[in-house]
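As structure tokens, the structure follows; a few thoughts come after it.
What follows draws every value from the coordinates through simple rules; no lab data is involved. Just so you know, these numbers come straight off a predicted model, no measurement behind them. Positions of Cβ are backbone-derived with ideal geometry, glycine not excepted, and every protein chain shown enters the neighbour counts.
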Amino acid sequence: VQLQASGGGTAQVGGSLRLSCAASGRTFERDALAWFRQAPGRKREFVAAVSSTGTSTYYSDSVRGRFSISREYGRSRIDLQMDRLSSDDTAVYYCAASAGGTGSYMMAQKYSYWGRGTQVTVSS
């Protein structure tokens, strides 16, 4: 089972990037999918999540209104559109799948499968 994130790179402050995450080896059509991130010297933190049906989305306070998570119904792929980037958004971004996990969408413990991460760097 593999979660492959792509789309990372470098953007300027105020710019945009779009991340994608695709699953292989199994499907996660009935599972919640999410993005977390970890900046140097900091703990991994929740960014955004989407329910299995794609009808419910969740965001951290720091990205709400700037980032948008989406998934196509019945597909094990998510996208994260990141707009109005700031230097605080610089981090390695990880996608994750719950695989039936319970609990808050914002808690890492809910997710059993993790991708390797993709670097996002925002420069001024």
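In segment 26-107, the alpha-carbon atoms span a convex hull of 92 Å³ per residue.
Here the label points at SER56 and SER124, each 7 Å from Cα along the C-beta direction, are separated by 3.9 nm in the simple model. Once the Cα-Cα distance is subtracted from the 0.36 nm per residue extended length, the ARG64 to GLN4 segment shows a gain of 19.2 nm. Short-range pairs are left out: with C-alpha atoms under 8 Å and at least six residues apart, the relative contact order of the chain is 35 percent.
Segment VAL13..ARG30, full-extension length gain: 2.5 nm, with 0.36 nm per residue of separation and the alpha-carbon distance subtracted.
Quick one: compute the contact order of segment 69-124, relative version, from alpha carbon pairs under 8 angstrom and 6+ residues apart, as a percent.
Values: 69 pairs, mean separation 19.9, N = 56.
Taking the mean separation of contacting Cα pairs over the length of segment 69-124, I get 35 percent.
Find, among the GluC sites (Glu not before Pro) in segment 1-108, those assigned to loop by DSSP (not H, G, I, E, B) with at most 12 other beta-carbon atoms within 10 angstrom.
On the way: sites: GLU29, GLU45, GLU72; in loops: GLU29, GLU72.
Sites meeting the loop and neighbour criteria: GLU72.
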